[in-house]
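Have a look at the structure below, then the notes.
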Amino acid sequence: MSPLPLLLQVLRRPARIAGMAPAHWDLLIRQARAAGLLARLYLDWKDADLLTAVPAQVLRHLESERLRAEAYQRAVRWEIRLLQPVFEELEIPLLSLKGAAYVQAGDAAARGRIFNDIDLLVPETALARLERRLLLEGWKPSHLNAYDQRYYRRWMHEIPPLRHVRRQAVLDIHHTLFPRVGRYRLEIATFWRRAVRLRDGTWVLAPEDRVLHSVIHLFTGGEFEHGLRDLTDIRLLLRQFGDDRDFMGRLQARAVALGVVPLLRCALVCSADMLEGTEAAAGLLESAFRLALEPCHTSCTRLPVRLARGALYVRSHWLRMPLRLLIPHLLHKAVVRA
Amino acid sequence: MTQAALSFTARLRSRTGLGLSIGPFTVRLHSPIPEVARALCILYADHPQVEAGFADFHIAIEPVSGLRRWFRPQVRFRLDDTVPFRPLPYSQAYPLFEWGLNWCIASHAHQYLILHAAVVARGGRALLLPGHPGAGKSTLCAALVQRGWRLLSDELALIDPGTLEVTPLVRPVSLKNDSIGLLRDFAPDARWGPPFHDTAKGTVRHLRPPRDSVVNSHPAMPAWIVFPRFQPGVARQVVHLGKGDTAMRLLAVAFNDVVLGRRAFRTVCRLVAQCGGWELGYADLRAALAGVARIVR
């Protein structure tokens, strides 16, 4: 039996850190940093009254990351505050997705999270004028080479991520939740109809949709650097909404309507297995993700994990692009990497 | 190669690397590059070495593999699994370690307010020398240290937001271009590391920190804030700064004020309340030291 990575052992059973040797603390912090989970661990241990078990030299790293996570939350709220008047002027609803949505909605998944981009959903018809207006506000397309621009615009029907010239924040503007040419057809109108308006006038997806968007993103994706963190996001969301007895029923129904039941099952199995240590019947897809979502650190990338990641990387492209676009794209990427 | 250099080389190449205690941090360093071992051997000779355990930073300075090995070889800085910067020419392997370590600390030590400043101390009182690169803070810092001030840091001031004390981070003092000549004339007996030419900052050379600063290292409370300004050919100038001006200048050289937010602002305000602020324009080191003597009297 392959040993379970230390980070997963600790996530399953936080009390494990009591009396841990310095060499293990060293490994744990490195794995947790690579996984982007340091701040979240700090907050979880604080809630569980476990901070006294953490040596002072280690605690400094956790506190430092918590400060960074708080700074990112402030930054997200600030950027959205600055964007609101622009969207109001253009009469476009400002709907935040993923991490930004967790912050806006006050979800548990905002805890201890470091944010890279601010993801927004806008109606497709509004894209062009929004991009023009944002340029005036200092938001410039960040992928400037011609191939990447074409990839985003013509093939994925998206605008490339926008970076603010002064503040360096990155805005990722979507009009779908899954590529239109991809193998999952997600009717975006249903998401808009179910969207929830927040007190400050911005929007987020309905709770079931927030969970499913995270599930779809993770379990059709091929990059696993933040995979384990995204899985903990999902678990936090499920716990938060699970207080409502009818939530799971509604979640299942919505998953059926969207045709993503296999992905939801994958999420539930992986979450139960990796984060709670509960045995669950696992099919091929679940087994692959069970490996791929392990922490991305040299201390725990054994061969089965690398193979699973490779296979899921190819699957991710296959799900998102038809073959006639996929082959040239993969060839181009292979050449550029070499 | 001396016995000490051989020992450094062996440890740097071993599986667990070389463990160094640098200020409040434990650094584990790996490198197969002989020049790195030689420089460390001179400049970190007095720093305690640490056996394997918990390390704050796992750093590797390694040659870039592939075709680059033979044509204009390069080195890269690795922090655990990540490579945060672009590679540099092979000859700059050791400065890359110092610059990289600065970045590691400035990015991961938010329990402190981190200012771009040199810090020296007399008794328990600290003199902060903040400034942007090229202002002359390292030069003045090096001169003060050669004249008996205790070195706490030459680049990063680690300020405890609670107590306002500066935590020592004693490392080699990094000097550039003309400063190197100035210090050689000023302190002919000082111990230097090897020179590194054609870097982005010009020629760079490091001064070994005094043994006493390394071994008798303890925090100090800031008492004076002096912004150095090295201006060749201009007469010495000591200008007293108002509190507001001092505070704004300090915030301008803070690395992590955005991360700390309000806490950074409050810490700076408290610092400025308890310390006087000055700007010291100088062209030669003796005049600068006399200026400092006037300020701290």
At what distance in angstrom do the alpha carbon centres of region A:241-263 and region B:197-270 lie from each other? 57
Each label point is 7 Å from the Cα along the Cα-to-Cβ direction; what then is the distance between the points at A:Ala195 and A:Glu225, in nm? 2.8
Length-normalised contact order for region B:139-284 - Cα pairs under 8 Å, 6+ apart - percent: 25
Which of the chymotrypsin sites (Phe, Trp or Tyr not before Pro) found in region B:17-87 are loop residues per DSSP with 16 or fewer other Cβ atoms within 10 Å of their Cβ? B:Trp70, B:Phe71, B:Phe85
P(r) of region B:65-128 in 5 Å steps, Cα pairs, percent per bin? 4, 14, 18, 17, 16, 11, 8, 7, 3, 2, 1
Highest GNM mean-square fluctuation, chain A, Cα pairs closer than 10 Å: which of A:Val58, A:Val170, A:Val204? A:Val58
Could you pull the Rg and Dmax for region A:52-166, using just the Cα atoms, both in Å? 17.3, 55
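With Rg and the Kirkwood Rh both taken from Cα atoms, where does Rg over Rh land for chain A? All intermediate terms of the calculation are to be shown ahead of the outcome.
Details: Rg = 20.3 Å, Rh = 21.3 Å.
Expressed as Rg/Rh, it is 0.96.
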Integer Hz, Karplus 6.51/-1.76/1.60 couplings in order for region B:105-122, x for Gly and Pro: 5, 5, 9, 10, 10, 6, 5, 10, 7, 10, 10, 7, 7, 8, 9, 10, 9, 9
How large is the direction-averaged shadow of the alpha-carbon convex hull of region A:19-99, in nm²? 6.5
If I model a spin label at A:Arg324 and A:Asp49 as a point 7 Å from the Cα along the Cα→Cβ vector, what separation in nanometres do I get? 6.5
Do me a favour and compute the ellipsoid semi-axes for region A:143-240 from its Cα gyration tensor, root of five times each eigenvalue, largest one first, whole Å. 24, 18, 17
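Please pull out the direction-averaged projected area of region B:130-254, using the convex hull of its alpha-carbon atoms, in nm² to one decimal place. Please list the in-between numbers first.
Working: hull surface 34.9 nm².
That works out to 8.7 nm².
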Given a 1.4 Å probe and no ligands, DNA or RNA in the count, how much accessible surface is buried by B and A, both sides, to the nearest 100 Å²? 1700
Quick one: what Rg and Dmax do you get for region A:193-338 from the alpha carbons, in Å? 17.0, 52
In whole Hz, what ³J(HN,Hα) sequence does region A:257-262 give by Karplus (6.51, -1.76, 1.60; θ = phi - 60°), x for Gly and Pro? 4, 8, x, 10, 4, x
Provide, for q = 0.11, 0.15, 0.24 Å⁻¹, the log10 of I(q)/I(0) from a solvent-free Debye sum over equal Cα point scatterers in region B:26-108. -0.29, -0.54, -1.28
Where the Cα atoms of region B:29-187 are projected onto their three principal axes, how long is each span, largest first, in whole Å? 52, 39, 30
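If I take all pairs of Cα atoms in region A:151-202, what percentage of them are more than 14 Å from each other?
67
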Neighbouring partner chain Cβ atoms per residue of A:294-306, average, 10 Å criterion: 1
Per 5 Å bin from zero, what fraction in whole % of the C-alpha pairs of chain B is there, up to the bin with the longest pair? 1, 5, 12, 16, 18, 17, 13, 9, 5, 2, 1, 0
Given only helices, namely DSSP H runs of n ≥ 4 each adding -39500 (n - 2.57), what is the per-residue ellipticity at 222 nm of the protein assembly as shown, to the nearest 500 deg cm²/dmol? -14000 deg cm²/dmol
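Need one number for the protein assembly as shown: average projected area of the convex hull over its C-alpha atoms, nm².
Numbers: hull surface 126.5 nm².
Directional mean of the projected Cα hull area for the protein assembly as shown stands at 31.6 nm².
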Quick one: among A:Val314, A:Val305, A:Val260, which has the greatest mean-square fluctuation in a GNM of chain A with alpha-carbon springs under 10 angstrom? A:Val314
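Once you charge only the Cβ atoms, +1 for Lys and Arg and -1 for Asp and Glu, what is the size of the charge dipole of the protein assembly as shown about its Cα centre, to the nearest 20 debye? Don't jump to the answer; show the numbers that get you there.
Working: 85 positive and 57 negative charges, 196 e Å.
Around 940 debye, computed over the protein assembly as shown.
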Overall dimensions of region A:242-287 as given by Cα atoms, namely Rg and Dmax in Å: 11.6, 32
Taking a temperature of 4 °C and a viscosity of 1.567 mPa s, what whole-number D in µm²/s does Stokes-Einstein yield for region B:205-290 with Rh from Kirkwood over alpha carbon pairs? 86
Using the basic label-point model (7 angstrom from Cα toward the beta carbon), what is the A:Gln252 to A:His332 distance in nanometres? 4.4
Give the long-range amide H neighbours of B:Ser153: residues separated by 5 or more places, or on another chain, with amide H under 5 Å away, using H modelled in the peptide plane at 1.01 Å from N. B:Val119, B:Leu169
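Quick check of the Kirkwood formula: for region B:130-183, what is the inverse mean of 1/r over all pairs of different Cα atoms, in Å? If you can, show how the numbers build up before the last one.
Numbers: mean 1/r = 0.0834 Å⁻¹.
Computed over Cα pairs of region B:130-183, the Kirkwood hydrodynamic radius comes out at 12.0 Å.
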When the chain is fully extended, how far beyond the present Cα-Cα distance does B:Ser65 get from B:Asn177, taking 0.36 nm per residue of separation? 37.2 nm
Across bins of 5 angstrom width beginning at 0, how are the C-alpha pair distances of region A:284-323 distributed, in whole percent? 6, 24, 30, 20, 12, 6, 2, 0
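Quick check: residue separation of A:Val261 and A:Glu70 times 0.36 nm, minus the Cα distance between them. What number comes out in nm?
Working: separation 191, 0.36 × 191 = 68.76 nm, distance 3.45 nm.
Length difference between fully extended and current span is 65.3 nm.
Counting pairs of Cα atoms in region A:201-251, how many percent are more than 14 Å apart?
Numbers: 706 of 1275 pairs.
Everything past 14 Å amounts to 55 percent.
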Taking only the alpha carbons of region A:253-338, what extent do you get along each of the three principal axes, in Å, biggest first? 43, 40, 16
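The values are calculated or read from the model by the stated rules, or taken from the named source; none is laboratory data. If you're wondering where the values come from, they're calculated on a predicted model, not measured in any experiment. For neighbour counting, all protein chains shown are included, and Cβ atoms are generated from backbone atoms with ideal geometry for every residue, glycine included. Keep in mind that these areas ignore ligands, DNA and RNA; they rest on the heavy atoms of the full protein, side chains included. Shrake-Rupley method; radii C 1.70, N 1.55, O 1.52, S 1.80 Å.
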